[in-house]
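The values are calculated or read from the model by the stated rules, or taken from the named source; none is laboratory data. Nothing here was measured: the structure is a model prediction, and the numbers come from that model. When we count neighbours, we look across all protein chains shown, and the Cβ atoms used for this are built from the backbone with ideal geometry, even at glycine.
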Amino acid sequence: MSDPSSPVYQELYTSTFSKNYKRYGSLRKKIHTLIDEILARPFSATEYLDYKDGKDLRGLRSARIDRNFRIIFCVWEEYQKKTGKTIPLLSQSMQEKLQKNSIVFITVGPHEKSYRLQ
């Protein structure tokens, strides 16, 4: 039974995330497990990003799958408050439909590619 006091998050995936999820078939089980953990506790064991390799990633979060692979995501309400920008790789029309309890999974992949939002 879930804790009624814990927030329930709506999940949304960019096409880049979905494409990469299919690409890294050997990691699908780990990715799925980590997604479940993020949806349950998005601020626990995740890194708030700032600037990485010259790219402005403020408002986004990173979660470690293993030594080299990351999931990049954002909690919509936090992202809006801190940046006021649109979410990378998500259309404006989709962003207008987001609820404040949405978590947007932006990309998944090797460290270097994920921080470039590829």
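Looking only at region 94-111, which residues are out of contact with any helix residue (DSSP H, G or I) (no Cβ under 9 Å at 6 or more places or on another chain) and touching a residue at least 24 places away in the same chain (Cβ under 8 Å)?
First, the residues of region 94-111 that are out of contact with any helix residue (DSSP H, G or I) (no Cβ under 9 Å at 6 or more places or on another chain): 94, 96-97, 110-111.
Once the filter is applied, which keeps residues that are out of contact with any helix residue (DSSP H, G or I) (no Cβ under 9 Å at 6 or more places or on another chain) and touching a residue at least 24 places away in the same chain (Cβ under 8 Å), region 94-111 yields M94, P110, H111.
Considering (1) within 20 Å of R41 (Cβ to Cβ); (2) at pLDDT below 90, the lone condition that S93 does not fulfil carries the number (1). Checking each residue in region 63-90 for being at pLDDT below 95 and among the small types (G, A, S) picks out only G84. Region 7-118 holds helices (runs of 4 or more DSSP H) entirely within its bounds, and those carrying 3 or more residues that are surrounded by 12 or more Cβ atoms within 10 Å (Cβ to Cβ) map to 15-23, 28-40, 76-83, 111-115. Within region 50-75, the residues that satisfy the criterion of being over 14 Å from F105 (Cβ atoms), without any contact (Cβ under 8 Å) to a residue 60 or more places away in the chain and out of contact with any Pro (no Cβ under 9 Å at 6 or more places or on another chain) are D50, Y51, G54, D56, R58, G59, R64, D66, R67.
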